[in-house]
1. Once you have the Cα-Cα distance between Ser354 and Lys254, take 0.36 nm times their residue separation minus that, and quote the gain in nm to one decimal.
2. Towards the positive end of the charge dipole of the chain, with charges on Cβ (+1 Lys, Arg; -1 Asp, Glu), say which of Gly225, Val38, Pro151 has the farthest Cα.
3. Could you grab the Rg to Rh ratio for the stretch 124-226? Cα atoms only, Kirkwood for Rh.
4. Using Cα pairs closer than 8 Å and at least 6 residues apart in sequence, work out the relative contact order for the chain, in percent.
5. Charges only on Cβ, +1 for Lys and Arg, -1 for Asp and Glu: so what's the dipole of the chain about the Cα centre, in debye to the nearest 20?
6. Does anything in the stretch 66-82 have its amide N under 12 Å from the 7 Å Cα→Cβ label point of Gln44, and if so which residues?
7. Compute a Gaussian network model of the chain, connecting alpha carbons closer than 10 Å, and tell me which residue from Thr196, Thr233, Thr274 fluctuates the most.
8. Can you give the translational diffusion coefficient of the stretch 226-322 in µm²/s, computed by Stokes-Einstein from the Kirkwood radius over Cα pairs at 10 °C and 1.306 mPa s?
Amino acid sequence: MTEPTDIKKGLAGVVVDYTAISKVNPDTNSLLYRGYPVQELAAQCDFEEVAYLLWHGELPTDAQLAEFQALERSLRHLDENVKRVIDDLPVTAHPMDVVRTAVSVIGANDPETANSSRDAELQKALALFAKLPSIVAYDQRRRRGEPLIEPRDDLGYSANFLHMTFGEVPDLVVVNAFDVSMILYAEHSFNASTFTARVITSTLSDLYSAVVGAIGALKGELHGGANEAVMHTFGEIGSADKVADWLDAALAEKRKIMGFGHRVYKNGDSRVPTMEAALDTLVAEYDAGDLMELYTALKSDMQQRKNIKPNLDYPSGPAYHLMGYDTETFTPLFVASRIVGWTAHIMEQRASNSLIRPLSEYNGVEQRTVPDSEKN
Ligand code: ACO
């Protein structure tokens, strides 16, 4: 059967709608959030300011930021029944399954779930933004047999997140590196998880359902799961001197090397230099052993052999590892950040909705008649 030429597998290259939230330009290797280069935002703003920008379209004034921060800090606590549901989940469950379930419970508890006004959705987005660090930190701690640490309302987003996870606020360089990672992960136009959120919203479903679907899409290792997979790859390779042999075998088996390549950027992911600079500050802070030799060897070998460059997941995986996060927690950290982009897109989709329903070309058997049966 000949395949019609207009089929776009994976929707590659298809423009399906407008967005005013971010612009990815692979030709100039740039990423703009509401017009601002993400590198400048990472250098000059906190994650809270960037969240405000993505939701409202403009950076906050001092008064707006103070109000936003106060509200965010007041929403960080988890309801008892959310904690109970997390407690009831086996520690063998992947942390992404825990995050997905916790968001679903928050949605089921919210009497305003069906209210899709912009104000109500902004409130839900902010509440999820505030609560996701509590969920992610709690889950990592319970897996380690450690008690929950309640959020502190005297700390900013990233310092509080790290404090709830590790029981102390680390040095400023670590807080800053974490904050940079949150800013870089926050938004990336119509990636698979964001598109999932938009598809669900387009049916007039609620924000929580769209976020739960997006979490499911992010979990896969061709998308957000790659930051975890990078650490598994390093573990499999072992050391820098084994990279060449390992890569020979992996490429011969046509394996995808995690943390490399991108659907949109073909000349390198615009976020990588900023995240690598943050990773360097962590390497100076912690004992990285021979991790960075391995990191550099795999990166240069992939460049030489395949001319494929790393994506954001490549430097963020080792960065989270050095901070002390368990590998399976890396993709939930991505959720905690991308909640901002997802919810901005949910509100944008809602404001100018059209049901997303593409077509398919049938290539199954031709019409036929059900054989006579002895039924009658
Ligand atoms: N390792 C090895 N080869 C690769 C890789 C990779 N990571 N990425 C692309 N290629 C090769 C393909 O094998 C293919 O080669 P071929 O033409 O000889 O068959 C060519 O490059 C094109 O690859 P596609 O898979 O068609 O490119 P696509 O745009 O569909 O893939 C994707 C993008 C899924 C991200 C891919 O690069 C990949 O699987 N990377 C690894 C997973 C990963 O790191 N995901 C994170 C994405 S970024 C993020 O979520 C922050």
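Since every read-out is calculated from the coordinates, none of them should be taken as a lab result. All values reported here derive from a predicted model rather than from experimental measurement. Every residue, glycine among them, receives a Cβ derived from its backbone with ideal geometry; neighbour counts consider all protein chains shown.
1. Values: separation 100, 0.36 × 100 = 36.00 nm, distance 3.90 nm.
Result: 32.1 nm gained on full extension.
2. Gly225
3. Working: Rg = 15.4 Å, Rh = 15.2 Å.
Ratio of gyration radius to Kirkwood radius: 1.01.
4. Numbers: 478 pairs, mean separation 85.2, N = 376.
So the answer I get is 23 percent.
5. Working: 35 positive and 54 negative charges, 218 e Å.
Charge dipole, the chain, about its Cα centre: 1040 debye, nearest 20.
6. The answer is none, because no backbone nitrogen lies closer than 12 Å to the label point.
7. Taking springs between Cα atoms under 10 Å, the residue moving most is Thr233.
8. On the way: Rh = 13.5 Å.
After rounding, the answer is 118 µm²/s.
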